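*Asks:* Mind having a look at this structure? Questions to follow.
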Amino acid sequence: MSQPQAANLSTLLAQTAALFPDRPGLIQGDRVWTWNEVNARVDALVQGLRSLGMTAGDKMLVQSRNNAALFESCWAAFRLGAVWVPTNFRLTPPEVAYLGSSSDATVMLAEDCFAGHVDAVKSASLHLRLVVTIGRARKGEIGFDELVNRNLGAPTAIAEVSADTPLWYFYTSGTTGRPKAAMLTHGQLAFVVTNHLADLIPGTDENDCSIAVAPLSHGAGVHALLNVARGAPTVLLPSDKLEPEVFWALVEKHRVTNVFTVPTIVKMLVEDPSIDRFDHSSLRFMIYAGAPMYRADQKRALQKLGQVLVQYFGLGEVTGCITVLSPAMHAIDDEDPNANIGSCGRPRTGMQVAILDEDMQPVPTGSVGEICCRGPAVFAGYFNNPEASARAFRGGWFHTGDLGRMDARGLLYITGRESDMYISGGSNVYPREVEEVLLTHPGVSEVAVLGVPDPKWGEVGVAVVVAREPGLSAEALLDHLDGRCAKYRWPRHFFFWDALPRSGYGKITKKEIRARLVERGELKEFVS
């Protein structure tokens, strides 16, 4: 018996446009796009891309800051039955070239300010055949607005999909090397949207409003899907620079009710004096993810905003759906049983979380092991990487690589990471990638990068370098990283040693490096 087809996720936009055609859907500056206008533009983009040969299963690489075109591009890819491959716009041309090549992207959508990125992808990719430019198109490229405008009103069919049809390659990494494309599917994202609506912003409807302060290419993009599903407009900042005064002014102007962000941004927003000059009483849910929040910062946010904080723990592979700490599970008073200090919450609705030992057996309550999960939010595996997929799904569970414990109530506490990955300003930083770039400097013999605590960014990178010759400086290494590695990945501190400690197997031991840094007093200002 054949299986019924799944709903194409882009029907969420079509349904909302039919229900609330004249209500605002997207806002940036003085420009307001209604739901009907957004849906019509997406239809036109789909029709235009089809006329140029794009078909179901093709991959669309997108290099853009937050704007209407980026917002529309994901829905067009979904509606085509294609795969959306957004990048972090801060990545360098070589980094984006790898994403384009490894994803087998056939179409690239890019802002005209990223011409160098486009050229890098063209040079590296064997599959790219079409470039659509947001802004001024160069010779051989197609203008985004031209493509949309000439296809407005054309009939457009929504592609048939199954639950396991990929729609988004969410790039993630590990300590073993380059980024991996986690395949998100129509069935998975349908569950995630429903789950996020239930657990993160319950009761949201067309009278609510969201604001995007992070790139739509990642967690903020997932969050935007929820608001589209309920008809709540999304406000985009006027530029890619986050200015607290502008943010709070927009919250007041549009009566914003929900926002997805990271702890460092929450800290920045609530500590800025402008918070007291604008009315933010409309805000009901300030969601923070990507890293734990320092207790002092959490208390300050609660004092300024009230019971609006929502924390969730998750990875790109599970699109955030592992645990949630709701507003009711936050409290200012440390003695309040609802404070749940240090916890990242309870398992998400419909998801199962377990703490497993090295033999993939559950550990006793309160004991530390690897955090694993399973359920409909788990991704379909890594594109073109069966070995990594097999490792991730050992024993029928998705292995996060994070260490933690669960208490008797089922609340999760993260205690560390199996990998060397650290989180700086809400962004994952994978030392191996930075080390590989530093090792291309002719003066570097060996290098180890590790994360250390930082009161502003959560964690920052420290690089311990063995130079080939005396005289190598931190400034020279930073100059080498410029253009080769995104700035948020750059180490903030450099130390130069004669040699790095190694294990009996000849491997550099970062645990010993950290211990020696502490012994020497070189981490005194970073660790308490």
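The values are calculated or read from the model by the stated rules, or taken from the named source; none is laboratory data. From a predicted model like this one, the values you see are computed outputs, not experimental measurements. Using ideal geometry, Cβ is built from the backbone for each residue, glycine included, and neighbour counts are taken over all protein chains shown. Ligands, DNA and RNA are excluded from the accessible area calculation, which covers all protein heavy atoms including side chains. Shrake-Rupley method; radii C 1.70, N 1.55, O 1.52, S 1.80 Å.
*Asks:* Excluding K241 itself, calculate the net charge of residues whose Cβ lies under 13 Å from the Cβ of K241, where each Lys or Arg counts +1 and each Asp or Glu counts -1.
*Replies:* -1
*Asks:* How much space per residue, in cubic angstrom, does the convex hull of the C-alpha atoms of the chain take up?
*Replies:* Working: hull volume 89.9 nm³, N = 528.
Given the Cα convex hull of the chain, per-residue volume reads 170 Å³.
*Asks:* Hey, another quick one. Report, in debye and to the nearest 20, how large the dipole of the chain comes out about its Cα centre when Lys and Arg carry +1 and Asp and Glu carry -1 on their Cβ.
*Replies:* Details: 50 positive and 58 negative charges, 97 e Å.
Charge dipole, the chain, about its Cα centre: 460 debye, nearest 20.
*Asks:* OK, next. Suppose accessible area is computed on protein heavy atoms with a 1.4 Å probe; arrange Y294, Y488, Y430 from highest to lowest.
*Replies:* Y294, Y488, Y430
*Asks:* Towards the positive end of the charge dipole of the chain, with charges on Cβ (+1 Lys, Arg; -1 Asp, Glu), say which of V256, S102, I134 has the farthest Cα.
*Replies:* So the residue we want is S102.
*Asks:* So what is the relative contact order for segment 219-316, in percent, with contacts set as C-alpha pairs under 8 Å and at least six apart?
*Replies:* Dividing the mean separation by the residue count of segment 219-316 yields 26 percent.
*Asks:* Which percent, to the nearest 5, of DSSP beta bridges fully inside segment 106-226 are antiparallel?
*Replies:* Of all bridge pairs located within segment 106-226, approximately 50 percent are antiparallel.
*Asks:* Ok, one more. Where does the chain land at 222 nm, in deg cm²/dmol rounded to the nearest 500, when only DSSP H runs of n ≥ 4 count, each adding -39500 (n - 2.57), divided by all residues?
*Replies:* The helix-only estimate for the chain comes to -8500 deg cm²/dmol at 222 nm.
*Asks:* Taking the solvent-accessible surface of protein heavy atoms with a 1.4 Å probe, what is the per residue accessible area of segment 47-185 in Å²? Don't skip to the answer; put the middle values down first.
*Replies:* Numbers: 5050 Å² over 139 residues.
Accessible surface, normalised per residue, equals 36 Å².
*Asks:* With a 1.4 Å probe and every protein chain left in place, tell me how much accessible area D205 has, in Å² to the nearest 10.
*Replies:* Spelled out: D205, probe radius 1.4 Å, area about 50 Å².
*Asks:* Another question about this same structure. How large, in Å, is segment 139-214 by the Kirkwood hydrodynamic radius built from its alpha-carbon pairs? Display every interim value, and only then the final one.
*Replies:* Values: mean 1/r = 0.0594 Å⁻¹.
For segment 139-214, the Kirkwood estimate is 16.8 Å.
*Asks:* Could you sort out which of K304/K456; K267/K487; K241/K267; K180/K267; K299/K510; K180/K299 sit more than 27 Å apart by Cα distance in this structure?
*Replies:* Long pairs (Cα-Cα over 27 Å): K180/K267; K299/K510; K180/K299.
*Asks:* Let me ask another. Any chance you could list P(r) for segment 281-418, counting all Cα-Cα pairs in 10 angstrom bins from zero, rounded to whole %?
*Replies:* Reading upward from the zero bin: 12, 40, 31, 13, 3.
*Asks:* Continuing with the same structure: Suppose a student asked you for the relative contact order of the chain, using Cα pairs under 8 Å spaced at least 6 residues apart; what percent would you report?
*Replies:* RCO, the chain: 11 percent.
*Asks:* Which order, highest average first, do 19-25, 321-327, 458-464 follow once you tally other Cβ atoms within 10 Å for each residue and take the mean per peptide? Mind dumping the intermediate values first?
*Replies:* Working: 19-25: 16.9, 321-327: 24.0, 458-464: 22.1.
Answer by packing, highest mean first, reads 321-327, 458-464, 19-25.
*Asks:* How long is segment 64-146 along each principal axis, judged by its Cα atoms, biggest number first, in Å?
*Replies:* Largest to smallest, the principal-axis extents are 27, 26, 24 Å.
*Asks:* Which value, in debye to the nearest 20, gives the size of the charge dipole of segment 424-487 about its Cα centre, when Lys and Arg are +1 and Asp and Glu are -1 at the Cβ?
*Replies:* Working: 5 positive and 10 negative charges, 22 e Å.
Computed about the Cα centre, the dipole is about 100 debye.
*Asks:* How about segment 356-395: which GluC sites (Glu not before Pro) there are in a DSSP loop, with at most 16 other Cβ atoms within 10 Å of their Cβ?
*Replies:* Passing sites in segment 356-395 are E358.
*Asks:* Please arrange K299, K241 by accessible surface area, largest first, computed with a 1.4 Å probe and ligands excluded. Show your work: numbers first, answer last.
*Replies:* Numbers: K299 55, K241 135 Å².
Listed by decreasing accessible area, they come as K241, K299.
*Asks:* To check you understand DSSP bridge types, tell me what percent of the beta bridges within the chain (both residues inside) are antiparallel, rounded to 5.
*Replies:* 55 percent
*Asks:* Can I ask one more? Could you give me the percent of Cα pairs per 5 Å distance bin for segment 1-101, shortest bin first, beginning at zero and ending with the bin that holds the maximum distance?
*Replies:* Calculated over all Cα pairs of segment 1-101, the distribution is 2, 12, 19, 20, 19, 14, 8, 4, 1, 0, 0 percent.
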